[in-house]
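Here the structure is laid out as structure tokens; the discussion comes afterwards.
Any read-out appearing in this document is the output of simple, stated calculations on the displayed coordinates, not a laboratory observation. A quick note: this is a predicted structure, and the numbers were derived from the prediction, not measured. Here the Cβ positions follow ideal geometry from the backbone for every residue, glycine too, while neighbour counts run over all protein chains shown.
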């Protein structure tokens, strides 16, 4: 009897810890280095981009439409349309028809930025390198790139 009880407790704790670790997320726990934050701020200033807000992580964002539906959590499944660009205007990726992702599997910039809007909302993310792909090149994205994403949040699941 005690063995069954102990086994039930252990399995319950394992399940709870796995479930909790997947979605227990603090968007302010990691902050981009100050040099990266300054580089994004310089880009914004040099290009006369106004109306942005700095997130506690160092991400800059501009909410174009806050939306009216549900807010995603850090591990929500979301359906979006988006365009990803480098600071020189080069588009490196885009989805003009809705695509679905789990936010927990995406770069930190998206994981921090998308919960700031609701379904139907649109946001522009100005992402420091360490909240994007960091010091690793990724396809046509050079290492240490500031990334700009225009994202329309269609559905939150």
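Between the Cα long axis of helix 2-23 and the first principal axis of the chain there is an angle of about 10°, rounded to the nearest 10. With a simple spin-label model that places each label point 7 Å from the Cα along the Cα-to-Cβ direction, the separation between residue 71 and residue 105 comes to 2.5 nm.
Quick one: in the chain, what % of C-alpha pairs are over 27 Å apart? The share of Cα pairs beyond 27 Å in the chain comes to 29 percent.
With contacts taken as Cα pairs under 8 Å at a separation of at least 6 residues, the range 28-156 carries a relative contact order of 31 percent.
To the nearest ten degrees, helix 34-46 and the longest principal axis of the Cα atoms of the chain are 40 degrees apart.
Once R0 is set to 41 Å, what does the formula 1/(1 + (r/R0)^6) return for the Cβ-Cβ distance between residue 34 and residue 97, expressed as a FRET efficiency to the nearest 0.05?
Numbers: r = 39 Å, r/R0 = 0.94.
Taking R0 as 41 Å, the efficiency between residue 34 and residue 97 is 0.60.
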